[in-house]
Each structure stands twice: as structure tokens, then as C-alpha cells.
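The values are calculated or read from the model by the stated rules, or taken from the named source; none is laboratory data. Since this is a predicted model, take the numbers as computed values, not measurements. With ideal geometry, Cβ positions are generated from the backbone for all residues, glycine too; neighbour counts draw on all protein chains shown.
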Amino acid sequence: MVLNKAYKFRIYPNEEQRVLFAKTFGCVRFVYNKMLGEKIAYYNACGGSLKVTPAKYKGEHGFLKEVDSLALANAQLNLEAAYRNFFRDKSIGFPKFKSKHKDKKSYTTYLVNGNMRFEGKCFVLPKLGRVRVKRHREIPDGYKLKSATISQSPSGKYHVSVLYEYEAEIEPVVARSVIGLDFSMAELYISSDGNKPEYPGYYRQAQKKLARMQRALSKMVKHSNNYYKQKHKIARLHDHVASQRKDFLHKQSWQITNANDCVAIEDLGMKAMARALNFGKSVSDNGWGMFSSFLGYKLREHGKQLIKVDKWFPSSKTCSRCGAVKRELALSDRVYICCCGNIIDRDVNAAINIRDEAMRIMALA
């Protein structure tokens, strides 16, 4: 079986390399916006689809020749993917122009003729040469380098995410232990065996400090030195909160993977849930979507299963003992009471139903 795995490392470019990184970010954004503008104009004029490539603009704009051509080619692939996603699902939204100030600064390049590799404490990149890297783990033998994504966070840190391809013989594990997990905003999840891990709420903890820093920012002169220093401090705090959350989710997903052969969760749309319930901060701070993806690849690497139950499955309204379905169940009802005498915590009841539904799906497969 051929699998992919990404490793993310912190890189420390020198001043010249930082300038070239900024130029590459800008050129990728410029080409993306140019191609999108031409496609929209052609559609409005002719009603058809126009295929454009970055090579078209290199004659008109000489600065595009100074950056990695594969990074520009990837901008074309991203635009085509955005178009396909829109026509597949209109709720995703039509591709938008990229902003210099709002969009993430990143680009992806591919391995061609050994143009990327690790050399001691450096990573070699096209057009940039050797960039110093903090290599916190070794790459196993037999892994083949495929691509690298370079990104800059709002706090100014640079990272390279290196994608590898490898072959592995993964023996499927017989699912002897199955656990169901129900999403919870107060905790991270509630399991079918009643476990409720205490979620620290890292964003909530940092909210007061963040509010003070943002108040101070609002009183500063825009675009002054102090203004940019304060923005950098706020970005560093956001980085710290995100790192805390990711560390917690990695540890929890490892614990569940090691203890169970199969994990069942609901296939939830977290963005839609945040809008519908008006709980945007709580849903985002919980990080359920990231937790689900961590669980997925960890279980897959060990030959185990992650089963996603349909989001319309009435896990909360169904009695886990007799199977009766309540037509009306308010969000404020935290205890599920059934006519069969079953009195159980609402979320534990839902987790048990998710587990049982996953076992039914496995039996049918």
C-alpha cells in the first residue's frame, strides 16, 4: 500500500531568503488573481471556460521569472481545484481573489531532478538554496520526497511542510473493541463508555489577555512602529494558543488509537454548526475537525478504522436501550428519559447510539 505522510519543520531564512520568500508569495498571489480575472471576464463575454497558464504572463511581467516556476504552476492547480469544488458543491462558494493582507502566505513546489533535499542542518529549496531548518525528527529510510509547502505565519515564523510517499504493509485489525464519540463543546468529546476528557479551553484562557492587547492596539497610530510591534505580539499569542490546542488533540487522538480498534464519530459540518448555533468561539476552540483528521490518519496507519456516521442519524433522540425515538428533544434537556425506564446522560446516550450504528455498518460491509 502506498501512503503519504507530511513532516512540518521550522525554517530560519536569512535576510536575502526572506525577501525572495515574500516575492514568491506575492507572485503566486498575483498569478492566481490574474488567471481568475481572465476566466471571469471570458465567461462573462463568451459564456465558456478559459484555460490559462502562468507561462502567459512571464513575457509581460519579468519579475515572474525570478521565482520558482513550479510554485506558479501550483497556483493554476489550486484555481482549477477551486472551480471544480464550486461546481461540485455550490455551498462552497465561487473562487475569490486573494488579498495581500488577509490570505495565508504560502506556496507549494515539487521535487524535480533533486531540486529539494535535506543537507545536514539545512533544507535545499529551488531558487533559494540552503535554508537553515530545525529538524526535530529523522525521516525513515525508503520515504520518497514529493513536494514541499513553505508558509509564513502572521507572527513571522517560517515553516516547511515536506510531503513524503512510502510503501507499507498494513494488516487490517479485527475490530474487537469499538468506541463511539459524541461531539461536546464543554469537553472535547463524550465516549460511549462515559469518558469525558476535560478540555482546557486554551482560547478562552487567553481571551482576557488578548482583549487587553487588542485594546492597546486600537489606541495606536495605524502603520506606526509600535502598531506593528503590537500586532506581532497578538499574532504570537494566537500561535501559542493554536500550538497548545494541537498538542492536546494529538495526545488525545493517540490515547484513543492505542486503546481501540475502531472509532465511530458523527460526520459533522463544524462551520455550519458554528453559524447555526451561534457558538463560533466554542466550536472553533474545541478543534473537533482537527481532532477527527488526527484520528483518521493515526487509525489508518495502524490498520484500524474510523467510521463516520451520517450527521442526520438521530443519535441524541434515540434510546440506546429500546431504540425508541423521541420526536422532540430540546438542547437544554441534558438527561435522556425514556418510557422503557432508561435514564441516562444525553451525550453518553448519543455516543452509545453512534457506536451501535458503526457496528451495524461494519456488519453490512
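Sub-6 Å Cβ pairs linking a first residue in region 242-261 that is over 30 Å from Leu210 (Cβ atoms) to a second residue that is part of a helix (DSSP H, G or I) and basic (Lys, Arg), at least 6 apart or interchain, are Thr257/Lys298, ordered by first then second residue. Looking across region 75-116, the residues that are closer than 22 Å to Val160 by Cβ and assigned to a helix (DSSP H, G or I) come down to Ala75, Gln76, Leu77, Asn78, Ala81. Taking the stated definitions as given, is Gln214 more than 30 Å from Gly114 (Cβ to Cβ) and modelled with pLDDT of 95 or more? In short, yes.
Pairs are defined by a Cβ separation below 6 Å, a sequence spacing of at least 6 or placement on different chains, a first member in region 98-114 that is assigned by TED's automatic domain parsing to the domain that holds Leu36, and a second member that is of a type in the set (Phe, Trp, Tyr); the pairs so defined are Lys98/Tyr32; Lys105/Phe25.
Report whether or not Glu60 is assigned to a helix (DSSP H, G or I), among the acidic types (Asp, Glu) and either free of Cβ contacts under 8 Å to residues at least 24 places away in the same chain or not assigned by TED's automatic domain parsing to the domain that holds Thr24 (or both). Spelling it out, it is not the case that Glu60 is assigned to a helix (DSSP H, G or I), among the acidic types (Asp, Glu) and either free of Cβ contacts under 8 Å to residues at least 24 places away in the same chain or not assigned by TED's automatic domain parsing to the domain that holds Thr24 (or both).
A quick yes/no check of all residues on (1) closer than 20 Å to Met116 by Cα; (2) modelled with pLDDT of 95 or more; (3) surrounded by fewer than 11 Cβ atoms within 10 Å (Cβ to Cβ):
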| residue | (1), (2), (3) |
| --- | --- |
| Lys23 | yes, yes, no |
| Val28 | yes, yes, no |
| Tyr32 | no, yes, no |
| Pro54 | no, no, no |
| Tyr57 | no, no, no |
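Residues in region 99-121 that are within 30 Å of Lys231 (Cα to Cα) and not basic (Lys, Arg) were compared, and the one that is surrounded by the most Cβ atoms within 10 Å (Cβ to Cβ) is Thr109. For Val335, the conditions (1) at pLDDT 85 or above; (2) under 22 Å from Gly194 (Cβ atoms); (3) surrounded by 12 or more Cβ atoms within 10 Å (Cβ to Cβ) are fulfilled apart from (3).
Counting only residues that are modelled with pLDDT of 90 or more and among the aliphatic types (A, V, I, L, M), which one in region 1-21 is surrounded by the fewest Cβ atoms within 10 Å (Cβ to Cβ)? Among those residues, the one meeting the criterion is Val19. Selection of region 185-224 for residues being out of contact with any helix residue (DSSP H, G or I) (no Cβ under 6 Å at 6 or more places or on another chain) and among the hydroxyl-bearing types (Ser, Thr, Tyr) yields Tyr189, Tyr199, Ser218, Ser224.
Comparison of Ser218, Ser184, Ser192 shows that the only residue that is over 25 Å from Ala242 (Cβ atoms) and among the hydroxyl-bearing types (Ser, Thr, Tyr) is Ser192.
When each of Glu187, Glu198 is tested for being in the same structural domain as Asp261 (by TED's automatic domain parsing), under 30 Å from Ser320 (Cβ atoms) and without any contact (Cβ under 8 Å) to a residue 12 or more places away in the chain, the lone residue that passes is Glu198. The single residue among Glu165, Glu187, Glu169, Glu138 that is acidic (Asp, Glu), surrounded by 12 or more Cβ atoms within 10 Å (Cβ to Cβ) and farther than 30 Å from Pro314 by Cα turns out to be Glu165. As a summary of the residue check, Lys308 satisfies the conditions (1) within 32 Å of the chain's Cα centre (by Cα); (2) not in a strand (DSSP E or B) except for the one numbered (2).
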